[in-house]
1. Can you run phi through the Karplus equation (6.51, -1.76, 1.60; θ = phi - 60°) for the stretch 213-222 and list ³J(HN,Hα) in whole Hz, with x for Gly and Pro?
2. So how strong a dipole does the stretch 165-424 carry about its Cα centre when Lys and Arg Cβ are +1 and Asp and Glu Cβ are -1, to the nearest 20 debye?
3. Rounded, prolate or oblate: which fits the stretch 123-240 when a ≥ b ≥ c are the square roots of the eigenvalues of the alpha-carbon gyration tensor, with rounded for a/c under 1.5 and prolate only if a/b beats b/c?
4. Across the stretch 304-309, in residue order, what do the Karplus-derived ³J(HN,Hα) couplings come to in whole Hz, using 6.51 cos²θ - 1.76 cosθ + 1.60 with θ = phi - 60° and x for Gly and Pro?
5. How much length, in nm to one decimal, is gained on full extension between residue 100 and residue 48, taken as 0.36 nm per residue of separation minus their Cα-Cα distance?
6. Put a dot 7 Å past each Cα toward the Cβ at residue 352 and residue 292; how far apart are the dots in nm?
7. Within 10 Å, count the other beta carbons around each residue, average over each peptide in 325-335, 81-91, and list them highest first.
8. Using only the Cα atoms of the stretch 165-424, build the gyration tensor, take square roots of its eigenvalues as a ≥ b ≥ c, and label the shape rounded, prolate or oblate: rounded if a/c is under 1.5, else prolate if a/b is larger than b/c, else oblate.
Amino acid sequence: APPECPFCGEAAGRELEEHVRARHGHLLGAPGTGNGEQLYECPMCSLTCTNIQILEEHVDLHLEEHNFSEGTGMFHCDEDLELAQQLQTEEDERQRSEEEKREREEFKKLQRQYGLDNSGGFKQQFLKNMEREVDRGRMQPFEYHKRKADMMESLASGIDDGRTKTSGVIEALCKYYQNENKDVRRVWLSAGVDHFHSSLGDRGWGCGYRNFQMLLSSLLQNSFYNDCLRDTTLIPSIPKIQSMIEDAWREGFDPHGASHFNNRLHGSKAWIGACEIYSLLTSLRIKCQIIDFHKPTGPMGTHPRLFEWILHYYSTDNEGGAKVVCTSKPPIYLQHQGHSRTVVGIEEKKNKSLCLLLFDPGCSSQQMQKLLKQNSDGTGLRLLRKFVGSLKEKQYQIVAVDGVLSLEEKAARCRASQVLTSEKIP
């Protein structure tokens, strides 16, 4: 509403000052005090002045303050609000832009970490690392050309070149435990299995493939699986394993997992895990299951239920009184965040504690060769032994083989894998 005159109440708008002076200037003076001194009272705040000029200046201040609040002052407030909103919008845009940039960088980092950044696969990494070895003087040019030719032949045939393989470790362990008499009460060992370690072509991302090679090496030694593996009589190379997993996806296995890799592994450095191993084995009609130990079941983040499950796996149907039990059970694929290994046995100590025996793709052939020496004092077993307190990741998954599937059972599992492929241990 327009400002009103303090004398007559008339709406005067922005001309209030002129209105007061023109219409009510005579009222600015006030009656005297009775002692001969003339007093002037402010009509706005009742302040009494002794001089008409002082009163006029005082009233002018009231009018200026009123005009500021009604007009110019409000204009500046609107400007300030608009500026503040603009600055806040710009700050929000800047923060949103920075957040999107961080998300893009994190996504690219994860793509690089899991081999999904289109930077090439086994072949490209192998050649690049060999060139680096030559540049550093750790490989002669003639060896570079020979190994390159061997690698190209291996890729063409789809067969692993065997350079990273160590055989006979399980047999050596069996002999060692026969003579060990310190603290092992009983030990169960898997069927024979070869150890495979990472090479120049898959270092940093190939552990899942190498563990599959270990598991497959054991199955190939067991005539029970001959029919399933008649088209896979030799250990496939890593690029061949990638193609085999893609074949399983094309059959309909694990469409959710396949979409994670855009249905493509070959030519990449993509990490694989328990679901990919399950899909590949099942596509070969090999009966297996994924067991998910999704949270610790013991103090200090430990997983005693995992150890108990593995003990039950190896000891079922092998409950004889022998100290060393060489079972016909295939090894177990063991996965946790960032790495996977192969379980080849389990010890029961005299104090009833349990200890897993693991083949790690990160162990070199030179390290594994030490386990083949007879009359070993057991120090090399430190590479294999993992006690309950040593496995403290938040979650573990295992893939355990347990027979052969019929064609009907394979089809049923293919359908089931489109919904759920793992069993959780509470």
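Here, each number is a calculation from the coordinates, and none is a lab measurement. Model, not experiment: these values are computed from the prediction. Cβ atoms come from the backbone with ideal geometry, glycine included; neighbour counts cover every protein chain shown.
1. 4, 4, 4, 5, 4, 6, 5, 5, 8, 10
2. Roughly 740 debye for the stretch 165-424.
3. oblate
4. x, 5, 4, 5, 5, 5
5. Taking residue 100 through residue 48 to full extension adds about 12.1 nm, to one decimal.
6. 3.2
7. 325-335, 81-91
8. prolate
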